[in-house]
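Okay, so here's the structure we're looking at.
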Amino acid sequence: MNQNHLSRRKVMQLMSLTFLGSLAIPKVTYSMTNHNDFFDEEIETIHIKKGEGKVSKIGGIDIISKLSKHQTSGNLGCDEATLKPGFLGAPPHMHKNFDEICYVLEGSVTIMVEEKIFQVNAGDWHLRPRNKIHTFWNSSESPARFIDIYSRGT
């Protein structure tokens, strides 16, 4: 067996542990009372320098949030993330209101969408469409650094 890949059993264990941990995280629901306000917001010019952004850590993933839906009139959000070797990035989940686009800067990320598994390497792009169950992990021995873009679409 190739030592650079997590076994199916190990992935399932990581997903189970992450799922159990996610039960403790409160769910957030957003609502909009005036639909017209959403589209009439004026967007400010934003310059985010290298290393800047809202920093957070979830399990084995370090996240720097670069843009939020509040800064882009709800059109997109964008994070830069570093995922440690051997860690699950997120338990299986899906998004109803946006697509998720991943661009790998360094290393590689294994992404599962429904029943398909993709090895996404540095320089590769991957689209995880809304309404499809997906998860991702780093099965290599090196950190993976990537950009995730969350697009509402039209």
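The values are calculated or read from the model by the stated rules, or taken from the named source; none is laboratory data. From a predicted model like this one, the values you see are computed outputs, not experimental measurements. With ideal geometry, Cβ positions are generated from the backbone for all residues, glycine too; neighbour counts draw on all protein chains shown.
Things worth noting here:
- Checked against (1) surrounded by 17 or more Cβ atoms within 10 Å (Cβ to Cβ); (2) in a strand (DSSP E or B); (3) polar (S, T, N, Q); (4) out of contact with any Ser or Thr (no Cβ under 6 Å at 6 or more places or on another chain), Thr110 meets all criteria but (4).
- Residues satisfying the criterion are present in segment 23-39 (criterion: within 20 Å of His134 (Cα to Cα), of a type outside the set (A, V, I, L, M, F, W, C) and either modelled with pLDDT under 95 or more than 14 Å from the chain's Cα centre (by Cα) (or both)).
Per-residue answers, yes or no, for (1) loosely packed, with under 14 Cβ neighbours inside 10 Å; (2) out of contact with any Asp or Glu (no Cβ under 9 Å at 6 or more places or on another chain); (3) over 22 Å from His47 (Cβ atoms):
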residue: Lys66; (1), (2), (3): no, no, no
residue: Leu83; (1), (2), (3): no, no, yes
residue: Lys96; (1), (2), (3): yes, yes, yes
residue: Val104; (1), (2), (3): no, no, yes
residue: Thr135; (1), (2), (3): no, yes, yes
residue: Ser142; (1), (2), (3): yes, no, yes
residue: Asp148; (1), (2), (3): no, no, no
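- For segment 54-61, the count of residues that are of a type in the set (Gly, Ala, Ser), modelled with pLDDT of 90 or more and on the phi < 0 side of the Ramachandran plot is at least one.
- Pick from segment 113-154, criterion assigned to a strand (DSSP E or B) and of a type in the set (Val, Ile, Thr), ranking: nearest to Lys50 (Cα to Cα): Ile147
- Hits in segment 73-90 (condition: in contact (Cβ under 8 Å) with a residue 40 or more places away in the chain and either touching a Cys at 6+ places or on another chain (Cβ under 8 Å) or part of a loop (DSSP other than H, G, I, E, B) (or both)): Gly74, Asn75, Lys84, Pro85, Gly86, Phe87
- Hey, Lys50 modelled with pLDDT under 95, over 19 Å from Arg145 (Cα atoms) and in a loop (DSSP other than H, G, I, E, B) or not: no
- For first residues located in segment 47-71 and over 17 Å from Arg152 (Cα atoms), partners that are of a type in the set (Lys, Arg) and assigned to a loop (DSSP other than H, G, I, E, B) and lie 6+ apart or on another chain with Cβ distances below 9 Å form the pairs Gly59/Lys84; Gly60/Lys84; Ile61/Lys84; Asp62/Lys84.
- When residues in segment 40-63 are screened for being aliphatic (A, V, I, L, M), under 13 Å from the mean Cα position of the chain (by Cα) and surrounded by fewer than 17 Cβ atoms within 10 Å (Cβ to Cβ), 1 of them pass.
- Tallying residues that are touching a residue at least 24 places away in the same chain (Cβ under 8 Å) and aliphatic (A, V, I, L, M) within segment 121-131 yields 1.
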